[in-house]
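Visitor: Take a look at the following structure, please.
The values are calculated or read from the model by the stated rules, or taken from the named source; none is laboratory data. Here the structure is a predicted model, which means the values were calculated and not measured. Note that each Cβ is placed from the backbone with ideal geometry, even for glycine, and that neighbours are counted across all protein chains shown. Ligands, DNA and RNA are stripped out before the accessible areas are found, and what is left, the full protein with its side chains, is counted by its heavy atoms. Shrake-Rupley method; radii C 1.70, N 1.55, O 1.52, S 1.80 Å.
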Amino acid sequence: MLGIGIDTGGTYTDAVIYDMETKKILGSGKALTTKGELEVGIAGALDKLPRELVPKAELLALSTTLATNACVENKGSRAKLLMIGFDTAMIERLKEIYASYGFHDRSQFVVIDGKVENIFSHPYDPDWEDLEKRLEEYFSDCDAVGIVQKHPRANGGRFEKKAKKVLEKGLTVPVTLAYDISDEVDILKCCAGTMLNARLIPLLAEFISAIRHVMRDRGLHVPIAIVRSDGSLMSEEMARECPVETLLSGPAASVVGGGALADEDSAVIVDMGGTTTDVAIMREKEPVMASSGIHIGQWKTMVKGLYVDTFGLGGDSAVRFKDGELYVDTVRVIPISLLASEHPQVVGKLRDLAGQERFHGCWIHEFYVLLKDISGKNGYSEEEQRICGALRDGPLITMELAVIMDKDPHFLRTERLEEEGVIIKSGLTPTDMMVLKGDFTIYDSEAARAAVECLKRNVSILVGQIPDAVYDLVARKMYTNLGRILLGQRYPKQAGTFAGAEREMLLGWCYEQAKARVDGLCRTRTEECGLALTTCLPLIGVGAPVHVFLPRVAKLLGTRAVIPEYAGVANALGAISGRIVTRVLVRVKAEYRDGYCYGYSVYEDGERRLFEEYEEAEAFARNLAERQVYAKAARQGTSGKPDVALTVEKIKSSHDDAGVLFETLVSAVATDKFRTVKP
């Protein structure tokens, strides 16, 4: 049986055609990801597969770093969070705590009052009529809404479900309920995950629509599977409802694909893409799972998945300067050599700027590029509309846009447009340095050379030294992050206390020591204190630019780099070689009044069922968990009746039989292949 795997990353879209029985790749393709028109990159990769095999495919599986990159770069559709039962004064007092979960803009919050039953002695519902009257005031300027209530398990999420009905009656935007996507106890993680889900719904819908369009043009009428954050697959329907589950889709696929490609029992898998580098650990052929919700970019979420550490470092990371020193930013920009390949006038503008030998502090060598047309769309200022209008005829270098807007370049307000993916900058990147050094020969080297010349008066090193300096910065950032990850795995209890500047100083010192050792610059062993950071785990490299940087970093860590034959398309392989894993959790809660247990409650579809006898409650919970996991597995795309395993865990005040029971967790896990349709 043949399947097609596609991975849409921040820079490249990869495709493989895979024999799922012999486990062999029969063909692969790669094309640039086109942010404005995703289907162009998808079609380009798909059309590089063997034409005679594509119509024989029975399944198309997708992974993508779109959601990951959106979180790292804090981009996504405009969304608001309806918070029921929260205290606005408390939110303000705890603003730093909220910010640590990802909420830096509290104007995204709409707070209404309400107290749930079974918790408060005087419960009351929110004012539903007032909410209905004020829908336009609250939500007219957003593309999606998330809803979170406090104490959702006390009433089965009844407030959230009622609020959704009110919103759907008066709005046409998608609505996400926290209760539907997580049973996380940490309410702020619920808030973050729900907000992210709302922001990602339009983004993933655009992605799936692009895939469907390309498939129709090629006569492909097969099911679509999407990789979740735990490396398993889910259906198109579920992905549209819960795009937050794709948060680490691309990285999870790289773990599955990297493990399949490399014959290693245990390893560190390093996936370097255009925007981020994703690191996972594999032990005895099994990927390590995250112990808590995924923390990515500024967001702490309730999404469970593989252990994947994501940091902002890729082939398209912006190379910038501050106080005369170069640094690699976490922001993705279009490589200037790529932009010039598509817009030849870029080279002339860069040469003119380089000839002026200007000192500047706001990277005026960078260009602005329009990705989406927002003309006539509500919610954007007149200035933002003018900026986008100026870019419709093509990219503009910073000074050109500043002149058109009659502003100093320091005061061009483009942050929100960049965050929402309306425009993007183009500038120098590690990819441009690879072009200049001959490690990557596709793009325009003249543009990269001219852009480097623009830095002549702005950095403390010679222009000719810049490519090597950037290579060193990339290696340093990869080394120190891998060191941080390995230390955290080895000493998990100390990871939280040993952080910040002290850790960075230690890792930086380790890097300098390792670099001196590898380069043969240490003259004597007694000259200074030595400090080594090494690992016995090999580094498996996947992703397009990883072959340039990982071997160097492996030497610095005293290990070896493994770059498999199909390393560049490992994510696409991971997508098509995955399986369905469905998890459901049902709780049996012991109910107490005046120190006496009067029964055991279980919620089904928001309705509370109360049982006098524990055995009856547990039996009901087991049956409910089994029914729910079968139903969820069917929505997730199971091919038939999956294998289901049930586990029961009692949460008590102590481990012995005399301990007081608080609640029982009944877990159901279903595993199966994804359903296919014969072509």
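Visitor: For the chain, state the average projected area of the convex hull of the C-alpha atoms over all orientations, rounded to one decimal in nm².
Guide: The orientation-averaged projected area of the Cα hull of the chain comes to 33.5 nm².
Visitor: Given Cα pairs under 8 Å that are at least 6 residues apart, what percent is the relative contact order of region 321-416?
Guide: Once divided by the residue count of region 321-416, the mean separation gives 24 percent.
Visitor: While we're looking at this one, here's another question. Provide Rg and Dmax in Å for region 452-500, with only Cα atoms included in the calculation.
Guide: Using the Cα atoms of region 452-500, the pair Rg, Dmax is 16.6, 48 Å.
Visitor: I'd like the projected area of region 332-425, averaged over all directions, using the convex hull of its alpha carbons. Report it in nm² with one decimal.
Guide: 6.1 nm²
Visitor: In whole Å, what are the extents of region 289-337 along the principal axes defined by its C-alpha atoms, from largest to smallest?
Guide: So the extents along the principal axes, rounded to whole Å, are 41, 25, 14.
Visitor: Sticking with this one: Sort 651-659, 502-510 for me by packing, meaning the mean count of neighbouring Cβ atoms within 10 Å per residue, highest on top.
Guide: Put in order of decreasing packing, that is 502-510, 651-659.
Visitor: A further question follows. Remind me, relative contact order of region 1-113 in percent, using alpha carbon pairs under 8 angstrom and six or more residues apart?
Guide: Worked out over region 1-113, it gives 24 percent.
Visitor: If each Cα of region 580-679 is one equal point scatterer, what is log10 of I(q)/I(0) from the Debye formula at q = 0.13, 0.18, 0.19, 0.23 Å⁻¹?
Guide: -0.53, -0.83, -0.89, -1.12
Visitor: On the protein heavy atoms, probe 1.4 angstrom, tell me the percent of accessible surface of region 519-675 carried by carbon and sulfur.
Guide: 49 percent
Visitor: Residue-wise, which Karplus ³J(HN,Hα) couplings in Hz belong to region 247-260, taking 6.51 cos²θ - 1.76 cosθ + 1.60, θ = phi - 60°, and x for glycine or proline?
Guide: Using θ = phi - 60°, the values come out as 3, 10, 4, x, x, 5, 5, 5, 5, 4, x, x, x, 6 Hz.
Visitor: How large a share of the accessible area of region 44-147, in percent, is made up of carbon and sulfur atoms when the probe is 1.4 Å and the other protein chains stay in place?
Guide: Carbon plus sulfur share of accessible area: 49 percent.
Visitor: Using the Kirkwood radius built from alpha carbon pairs, what does the Stokes-Einstein equation give as D for region 279-361 at 20 °C and 1.002 mPa s, in µm² per second?
Guide: Calculated translational D: 129 µm²/s.
Visitor: If you don't mind, there's one more thing I want to ask. Can you tell me the accessible area per residue over region 542-604, all protein chains present, probe 1.4 angstrom, in square angstrom?
Guide: Normalised by residue count, the accessible surface of region 542-604 is 41 Å².
Visitor: Taking just the alpha carbons, could you work out the radius of gyration and Dmax for region 81-195, both in angstroms?
Guide: My reading of the Cα-based Rg and Dmax gives 13.4, 37 Å.
Visitor: So, one more: Do the alpha carbons of any pairs in Lys80/Lys165; Lys285/Lys555; Lys23/Lys632; Lys165/Lys300; Lys115/Lys162; Lys165/Lys304 sit beyond 19 Å of each other, and which pairs?
Guide: Beyond 19 Å: Lys285/Lys555; Lys23/Lys632; Lys165/Lys300; Lys165/Lys304.
Visitor: How do 6-16, 371-381, 624-634 rank on mean C-beta neighbours within 10 Å, highest first?
Guide: With the highest mean Cβ count within 10 Å placed first, the list reads 6-16, 624-634, 371-381.
Visitor: I've got another one for you. Give me the three principal axis extents of region 442-525 from the C-alpha atoms, as integers in angstrom, largest value leading.
Guide: 50, 33, 28
Visitor: Once Rh for region 1-94 is found with the Kirkwood sum over Cα pairs, what is the Stokes-Einstein diffusion coefficient at 37 °C and 0.692 mPa s, in µm²/s?
Guide: Rounded, D is 208 µm²/s.
Visitor: Another one. For region 534-542, take each phi angle, set θ = phi - 60°, evaluate the Karplus expression 6.51 cos²θ - 1.76 cosθ + 1.60, and give the result in whole Hz per residue in order, putting x for glycine and proline.
Guide: Whole-Hz 3J(HN,Hα) from phi for region 534-542: 10, 9, 8, 7, x, 9, 8, x, 10.
Visitor: Remind me, relative contact order of the chain in percent, using alpha carbon pairs under 8 angstrom and six or more residues apart?
Guide: Reported as a whole number, the value is 15 percent.
Visitor: Which lysines does Lys407 reach when only Cα atoms under 29 Å apart count, and residues fewer than 8 places away in its own chain are ignored?
Guide: Output for Lys407: Lys35, Lys75, Lys322, Lys349, Lys372, Lys377, Lys425, Lys456.
Visitor: Further question: In whole Å, what is the distance between the alpha-carbon centres of region 379-401 and region 449-479?
Guide: 29 Å
Visitor: To make sure I understand the rule: partners must be lysines, Cα under 22 Å from the Cα of Lys30, and not fewer than 8 residues away in the same chain. Which ones qualify?
Guide: Once the sequence-local lysines are set aside, what remains near Lys30 is Lys48, Lys56.
Visitor: Under 4 °C and 1.567 mPa s, how fast does region 169-261 diffuse according to Stokes-Einstein, given a Kirkwood radius computed over C-alpha pairs? Answer in µm²/s, whole number.
Guide: 88 µm²/s
Visitor: On to the next question. Tell me which residues come under 5 Å, amide H to amide H, from Gly637 once H is placed; ignore anything under 5 positions away on its chain.
Guide: Ser235
Visitor: Starting with the highest mean, order 574-583, 553-562, 483-492 by the number of other Cβ atoms within 10 Å, averaged over the residues of each peptide.
Guide: Highest mean packing first, the order is 574-583, 553-562, 483-492.
Visitor: I've got another one for you. Using modelled amide H (1.01 Å from N, peptide plane; none on Pro or chain starts), what sits under 5 Å from the amide H of Ile423, excluding residues fewer than 5 places away?
Guide: Under 5 Å from the amide H of Ile423: Leu371, Glu418.
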